[in-house]
Amino acid sequence: MPKITAVPFPLDIEVGSTALVIIDMQQDFVLPGGFGEALGNDTSLLLAAVEPTARVLTAARNAGMFVVHTREGHRPDLSDCPPAKLTRVGQTFIGEKGPMGRILVRGEKGHEIVPRLAPIAGEPVIDKPGKGAFHATDLGQVLATRGIKTLVVCGVTLEVAVHSTVREANDRGYECVVLRDCVASYFPEFYRVGLDMITAQGALFGWVSDSESFVDAVD
Ligand code: TIU
């Protein structure tokens, strides 16, 4: 069984019971003109995660590993967007028109996954209204159907959707490995501390590894 080098200790990852989960690598977060920039962030910080994730995606596909993509966004009528999310601190960016279409709305350009990481046939795309990928989605069912026990997690942002998903997954009994160069944050200190919080106290939420170790493990 392949073993992946990781912090705080190496982990066995059986290809057949492991899924690569790529969280919210959408234009709305990673490119200017979307939700991330509307919130006042420098989106260029997130682009660093795209190429390492592309290498991991290729290795996973070559190994025959199950791949799942997620997207954060809402129905065009915003009926699945809680008022508390829509109007947080007086901000009403969600549903507004921007250069990539209506922000965080399904079917709009900004909602799409960046072309470099585009899903292919056989890779489920989980549309989620929240930050965590299990909340109000069928991700648990999709993973259970495949007998998945371990999640290798990439995506953005680390402290928001990635952390929410890893915490949800950990409570559901999955072992989660976050690849440090395949996640990113708009805030360098959140990136550093966000990774530490996953592995602290003996992998309380999961493990942290990197793209090269993943590719080596499944090669
Ligand atoms: N704002 C921020 O850092 N992230 C989000 O709102 N969503 C995700 O992380 N996907």
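The values are calculated or read from the model by the stated rules, or taken from the named source; none is laboratory data. Predicted, not measured: the structure shown is a model, and the values here were computed from it. With ideal geometry, Cβ positions are generated from the backbone for all residues, glycine too; neighbour counts draw on all protein chains shown. To get the accessible areas, we keep the full protein, side chains included, count just its heavy atoms, and leave off ligands, DNA and RNA. Shrake-Rupley method; radii C 1.70, N 1.55, O 1.52, S 1.80 Å.
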Give me the one-decimal nm value for the distance between modelled label points at R192 and T5, 7 Å along each residue's Cα-to-Cβ direction. 2.3 nm
For the stretch 186-205 and the stretch 50-109, what is the centre-to-centre distance using only Cα atoms, to the nearest Å? 23 Å
Efficiency by 1/(1 + (r/R0)^6): what FRET value for R55 and V89, r their Cβ-Cβ distance, R0 = 41 Å, to the nearest 0.05? 0.60
Report, to two decimal places, the Cα Rg of the stretch 3-218 normalised by 2.2 N^0.38 Å (N = number of residues). 0.96
In the chain, what is the count of Lys pairs whose alpha carbons are under 17 Å apart, counting only pairs at least 8 residues apart or on separate chains? 5
Give me the accessible area of F205, 1.4 Å probe, in Å² rounded to the nearest 10. 50 Å²
So what's the projected area for the stretch 6-51, the Cα convex hull averaged over all directions, in nm²? 4.8 nm²
Sorted by accessible area with a 1.4 angstrom probe, largest first, how do R106, R180 fall? R180, R106
Within the chain, which cysteines find no other Cys whose Cβ is under 4.7 angstrom from their own? C81, C176
Mean accessible area per residue over the stretch 108-204 (1.4 angstrom probe, all protein chains present, square angstrom) is 44 Å²
Carbon + sulfur, % of accessible area of the chain - ligands and nucleic acids excluded, 1.4 Å: 54 percent
Ignoring ligands, DNA and RNA, how do L204, L151 rank by accessible area with a 1.4 Å probe, largest first? L204, L151
Under the rule of -39500 (n - 2.57) per DSSP H run of 4 or more residues, summed and divided by the residues of the chain, what mean residue ellipticity at 222 nm is obtained, to the nearest 500 deg cm²/dmol? -8500 deg cm²/dmol
For the stretch 3-218, what is the relative contact order in percent, using Cα pairs closer than 8 Å and at least 6 residues apart in sequence? 29 percent
Determine how large the accessible area of E168 is when every protein chain is in place; take a 1.4 Å probe and give Å² rounded to the nearest 10. 40 Å²
